[in-house]
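Quick notes on the structure that follows.
The values are calculated or read from the model by the stated rules, or taken from the named source; none is laboratory data. All figures in this text were calculated on a predicted structure; none of them were measured in a lab. For neighbour counting, all protein chains shown are included, and Cβ atoms are generated from backbone atoms with ideal geometry for every residue, glycine included. Each accessible area value is taken on the protein alone, full model and side chains, heavy atoms only, with ligands, DNA and RNA left out. Shrake-Rupley method; radii C 1.70, N 1.55, O 1.52, S 1.80 Å.
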Amino acid sequence: MRNRKWMVVIGFFILMVFSLLLTIEEAHASVFYGEVVATEGKMIQVRGDNGRVSVFWLGRHTRLSSRHPFIGDRVKITYIKDNLKRNAATRITILGR
């Protein structure tokens, strides 16, 4: 009886590990082109070519091409969705004004 309970606990643990491995997603980078509308702290708002404003979060892994973009700069942003489902910018390239 005791051996059966132990096997059920081990089986349940193995099932949980495999189900967690199946739910893990790989991050796929996307690219967004637009003009900077506003910056505030670790956040940047960019208006795309279609007129929609998107918010991107800057962090320690964000690579800037030369400097922090100013309002009115045209930028190319490579981003991924982070664990909190935010747009986390990984690379920002300034294209000009």
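A compact table of results
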item	result
At R0 = 35 Å, FRET efficiency that the Cβ-Cβ distance of Leu84 and Val9 yields, to 0.05	0.60
Average accessible area per residue (Å²) across the chain - probe 1.4 Å, nucleic acids and ligands excluded	80 Å²
Global size of the chain as Cα Rg and Dmax, reported in angstrom	21.2, 75
Projected label distance in nm at Val31 and Val53, using a 7 Å step from Cα toward the beta-carbon	2.6 nm
With DNA, RNA and ligands ignored, accessible area of Thr93 (1.4 Å probe; Å², nearest 10)	40 Å²
Acute angle (nearest 10 degrees) that the helix 2-23 long axis makes with the longest principal axis of the chain, alpha-carbon atoms	20 degrees
Potential lengthening between Lys42 and His68 on full extension [0.36 nm per residue; Cα-Cα distance subtracted]	8.3 nm
Protein accessible area in the chain, 1.4 Å probe - carbon and sulfur %	59 percent
